[in-house]
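Q: This is the structure I want to talk about, given as structure tokens.
The values are calculated or read from the model by the stated rules, or taken from the named source; none is laboratory data. Remember, predicted model here, so these are calculated numbers, not experimental data. Positions of Cβ are backbone-derived with ideal geometry, glycine not excepted, and every protein chain shown enters the neighbour counts. Side chains are part of the model used for accessible areas, which takes the heavy atoms of the whole protein and leaves out ligands, DNA and RNA. Shrake-Rupley method; radii C 1.70, N 1.55, O 1.52, S 1.80 Å.
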Amino acid sequence: MGTGLYVGTIVLVVIVLIVGTYLIFKSKQKKKLNNIINNLEKEKNLLINVPVLNELSKVEALVKNNKLEDKYKNWKLKFELIEKETIPEINDMLIELDFMVEKEKKEKVYQGITEIEIKLYEVKAKVKSILSEIKEITSSEEKNRATIIKLKSIYRKLKKKFEDTKPDYEETVKTIELQFETIERRFEEFEEVMEKQDYEEVIYVVKGLTEMVEHMQIVIDEIPEIMLMGKSLIPKRTEDVSSEYIKLTREGYQLDYLNVEYNIVETEKKVNAIFDRVRVLNLEDVTFELKTILEYFDSLFNDFETEKLTRKYYEEGLASFKKKVNHISKLLDAASNKVPEMKKQYNLTDDMLYSIEQFKLQFNAILEDYEKLENLDRNHSFPFSKLNQELEIISLKLSKLQEKLNNLLQRVGNLKDDEERARGQLEDIKILLKQSKYQIRKNRLPVIPENYYIELREASDAIKEIQKELSKKPIDVETLNVRVDTARDLVFKLHNTTSEMIKMALLSEYAIVYGNRYRSSKAYINDGLIKAEKLFFNGDYKKSLEISINTLDTVEPGIHKKILDYNK
């Protein structure tokens, strides 16, 4: 019974909490919607309080012509429609919205909020448009008057600058004065239109004055520079270019490729056409065009200087080319005379002989190109810049030919050097062979191993092969070099074999003699030395040394170092 009561109490508490939470949620939601509606109400009231009526009253005071009166009536009608029809409609929508909130029609409430927001936005846009149009008239006088004051200030400064520097404007003076008069009349027209309060016409008058003053500012700023360039700098530059062109032409320079005479005539036409526009104060791109003309004349002077400098390089290149031609001609003559003679002495390849003939043909072709270049130079057919380019190409061909010819002559000269080197190396090899034989005789070894005689025979035969090659006519230098390399390797091998064999024999003999002191005291020492002696007299000196050292090391550790140091 007590447990049932406890559970019932808990259930009741839970229900109360749920209901309470729901009621709190509903209350908050309703409060939120009421806040939204209140904000919409405020926005609607602000629309009614906009200063349109105040601005309309200003316009009403300004109405002095039918055009402005029609505008005034139209604005007033539009605002009355908003005030008497649209605003009441929004009021009804807000009342309906309150009702739906009370009835808790959630979906319809949010739909109604959206519709009212759209309606308010449309009204705001209409009111803003009306107010903007009205202010364009009500603020017209103040705004346009400020613009005119600023334009008059600029105008006075421009006119003063013009009066102070009138000579700089030369033949445009009269046109500029007329333009100033036109601007003054437009200022007067502004006052007349303002007096009539024709605010639409005022806009066009102010716009026209602004454009005229801005154009006059360009005229006053740019014409002095235009006159300086067109009446002074360009004619002077034209005269200098023409004078320099005539001078260089008389000195032998070919400058037709620059079209100087034609371009000077065309430039004068261009300048005249530019000044036809300047006289009516049409300055569009005039400064740019005149500067371009000056830059063109500057480029011509650069071209003239380039031609002068190139002529210097060309003349220096000619002198260098002629020296090189003489040098290569002598080399070709030497090769033509020397190679056939060398063919008797050495086994020259057909490629070498063919190369000399090809070099002659290439040399003659280069000389023909040079002769054509000289003709062009004499006839003044090409500018020096072009002549120098052609000379550089011919000189490059000549340099490559010289390089090939030098390589060929070096190869031919190397044949003689190789022969002399082979003879010198033959003598060195012979001496080394004699030294090896002398060492064998001097040390009187008990036995000379068979491999020594084989190496001696091979070395001797290789020396004979060198002598055989040197006795041939013509000498095959390539084969001779192979024979020398082979003989040198074999003799060095024999020399090393001889040195090693004598060294082993001397050390082995010393070890046996040294070990005699231990023969009587140790039987195994005596046995080891007897084996070493047998090997020594059979010519196996290295094996004999190994047995001697190993035997003595048992009684005298470290003996091998003493024995090996013996022959040092």
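Q: Checking the a/c ratio against 1.5 first, then a/b against b/c, what shape does the Cα gyration tensor give for region 268-339?
A: Since a/c reaches 1.5 and a/b is larger than b/c, the shape of region 268-339 is classed as prolate.
Q: Taking the Cα centre of region 197-291 as the origin and placing charges on Cβ (Lys, Arg +1; Asp, Glu -1), which of GLY252, ILE203, ILE274 is farthest toward the positive end of the dipole?
A: Result: GLY252.
Q: Ignoring ligands, DNA and RNA, please state the percent of accessible area on region 287-330 from carbon and sulfur, probe 1.4 Å.
A: 55
Q: Mind pulling up the Rg/Rh value for region 374-508? Radius of gyration and Kirkwood radius, both on Cα.
A: 1.46
Q: Just the number, please: carbon plus sulfur as a percent of the accessible area of region 485-568, 1.4 Å probe, no ligands or DNA/RNA counted.
A: About 53 percent, which is the carbon plus sulfur part of the accessible surface.
Q: Still on this structure, I have one more. On the principal axes of its Cα set, how long, how wide and how thick is region 490-568? Give whole Å, largest value first.
A: Projected onto the principal axes, the Cα atoms of region 490-568 cover 47, 25, 15 Å.
Q: Assigning unit charges at the beta carbon (Lys, Arg +1; Asp, Glu -1) and nothing else, what dipole magnitude in debye, to the nearest 20, does region 432-568 show about its Cα centre?
A: Dipole size: approximately 520 debye.
Q: A further question follows. With a Förster radius of 60 Å, plug the Cβ-Cβ distance of LYS322 and GLN217 into 1/(1 + (r/R0)^6) and report the FRET value to the nearest 0.05.
A: Calculated value: 0.35.
Q: Now for a separate question. For the charge dipole of region 333-482, defined by +1 on Lys and Arg C-beta atoms and -1 on Asp and Glu C-beta atoms about the Cα centroid, which residue among ILE463, LEU480, ASN407 has the Cα displaced farthest towards the positive pole?
A: ILE463
Q: About the Cα centre of region 229-320, what is the dipole size in debye to 20, counting +1 per Lys and Arg Cβ and -1 per Asp and Glu Cβ, all else neutral?
A: Result for region 229-320 is approximately 320 debye, rounded to the nearest 20.
Q: Could you report the accessible area of VAL278 in Å², rounded to 10, computed with a 1.4 Å probe on the protein chains as they sit in the structure?
A: Approximately 0 Å² for this residue.
Q: I need the per residue convex hull volume for region 209-271, using only the alpha carbons, in cubic angstrom as a whole number.
A: Considering the Cα atoms of region 209-271, their hull volume per residue is 83 Å³.
Q: So, one more: Can you run the Rg to Rh ratio on region 214-355? Use alpha carbon positions and the Kirkwood inverse-distance Rh.
A: Looking at region 214-355, the ratio lands at 1.46.
Q: How high is the FRET efficiency from ALA365 to GLU251, r the C-beta distance, R0 30 Å, rounded to 0.05?
A: 0.40
Q: Turning to a different aspect of this structure: Based on the Kirkwood radius over alpha-carbon pairs, what is the Stokes-Einstein translational diffusion coefficient of region 438-548 at 4 °C with 1.567 mPa s viscosity, in µm²/s?
A: In µm²/s, the coefficient rounds to 79.
Q: Express the accessible area of region 202-357 per residue in Å², computed with a 1.4 Å probe while the remaining protein chains stay in the model.
A: Computed with neighbouring chains in place, this is 56 Å² per residue.
Q: Same structure again: Give me the one-decimal nm value for the distance between modelled label points at TYR121 and THR175, 7 Å along each residue's Cα-to-Cβ direction.
A: 5.6
Q: If you don't mind, another one. Using +1 at the C-beta of Lys and Arg and -1 at the C-beta of Asp and Glu, which of PHE537, SER520, SER508 has the Cα lying farthest in the positive direction of the dipole of region 507-556?
A: SER520
Q: Where the only charges are on Cβ atoms (+1 Lys, Arg; -1 Asp, Glu), what is the dipole of region 157-213 about its Cα centre, to the nearest 20 debye?
A: Result for region 157-213 is approximately 280 debye, rounded to the nearest 20.
Q: Stick to Cα atoms and the Kirkwood definition of Rh, then tell me Rg/Rh for region 138-266.
A: Reported Rg/Rh, Kirkwood definition of Rh: 1.30.
Q: For each pair in LYS464/LYS542; LYS493/LYS542; LYS236/LYS308; LYS522/LYS562; LYS159/LYS207, compute the distance between the two Cα atoms and list the pairs where it is over 27 Å.
A: LYS464/LYS542
Q: If you don't mind, another one. Taking each pair of distinct Cα atoms in region 167-228 once, what is the resulting Kirkwood hydrodynamic radius in Å?
A: The answer is 12.8 Å.
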